[in-house]
Amino acid sequence: MGRRTNLIPLIGGVVVLVIWGMFELRVQSPLVDLRVSSRGPVLLTNLASVAMGFALFASNVVLPQLLTLPRETGIGLGLTLTVAALVIAPSGLAMMAVSPIAGRAQRRWGGKTLLIIGAVILALAYGLAVLLHAEVWQILGVSVVLGVGVGLGYAAMPALIMQAVPVEETGAANGLNALMRSLGTTIAAAVAGAILAQSVTTVGGVTGPSETGFVVTLTLAFAASVVCIVIAAFIPRTENAAARS
């Protein structure tokens, strides 16, 4: 009964989405022009955004727990929430630090290349995280590298969208892209939470997720980064549609 109950909102959401899509295709001035959103550059950028959103949020689920779980678990580092937050904070600073670099790189190489570079850095960070997560400095380093990758990747997405849609559609198209990123983070939260919940074990009298659960989650984030790289590689280069308008 519980599983059936959980399926009801999912089925209802799909039905509402289909009805909304049919309505948007028929009205003269749709809230979101689905025909524009189905264009190759826009569609692939949105799919890459889902993958990168997943990769981003997986770290938000895993790293704080690794830092704050008691050392008795054999995997936690036993930090307080305040100290753990200070360890994670440089990731956000790294995002801000790469913003000027991202702008110059986008103008020189284009949004597609910048997105691929960001995803490659994310994959590198998660590859390291799978192997190195037993010390605070390791998690700090991984977090900073993740911030650089996300900063570059997220800077590329609006540029790719605006190059592929008419000027009057840039607001709606970028809003939909932001929604796709949020979809990726939402999926990551659900998947990571399910994996860690299933891996719960008791060590030294303390109950918490096992190292296996963390490693599986980090590996999935690595896979999502690779998926983002592959999708981004197929994004066609386009003339700036806004300029053409």
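Just so you know, all these numbers are worked out from the coordinates, no wet-lab data involved. Predicted model only: the values in this text are computed from it and were never measured. Positions of Cβ are backbone-derived with ideal geometry, glycine not excepted, and every protein chain shown enters the neighbour counts.
Observations on the structure shown:
- Scattering curve values for the chain, log₁₀ I(q)/I(0), Debye with Cα scatterers, q = 0.09, 0.14 Å⁻¹: -0.45, -0.95
- The C-alpha atoms of the chain define a longest principal axis, and helix 111-131 lies at about 10 degrees to it.
- Taking VAL145, VAL230 and counting other C-beta atoms within 10 Å, the order from fewest to most: VAL230, VAL145
- 0 to 90° range, to nearest 10: angle between helix 136-164 axis and the chain longest Cα axis: 10
- For LEU122, LEU152, the sequence from fewest to most other C-beta atoms within 10 Å is LEU152, LEU122.
- When only Cα pairs below 8 angstrom with a gap of at least 6 residues are kept, the chain shows a relative contact order of 32 percent.
- All alpha carbon pair distances within region 1-64 were sorted into 10 Å bins beginning at 0; the resulting P(r) in whole percents reads 17, 25, 37, 19, 2.
- Acute angle (nearest 10 degrees) that the helix 170-198 long axis makes with the longest principal axis of the chain, alpha-carbon atoms: 20
- Label separation (ALA97 vs VAL230): 3.3 nm, computed from points 7 Å beyond Cα along the C-beta direction.
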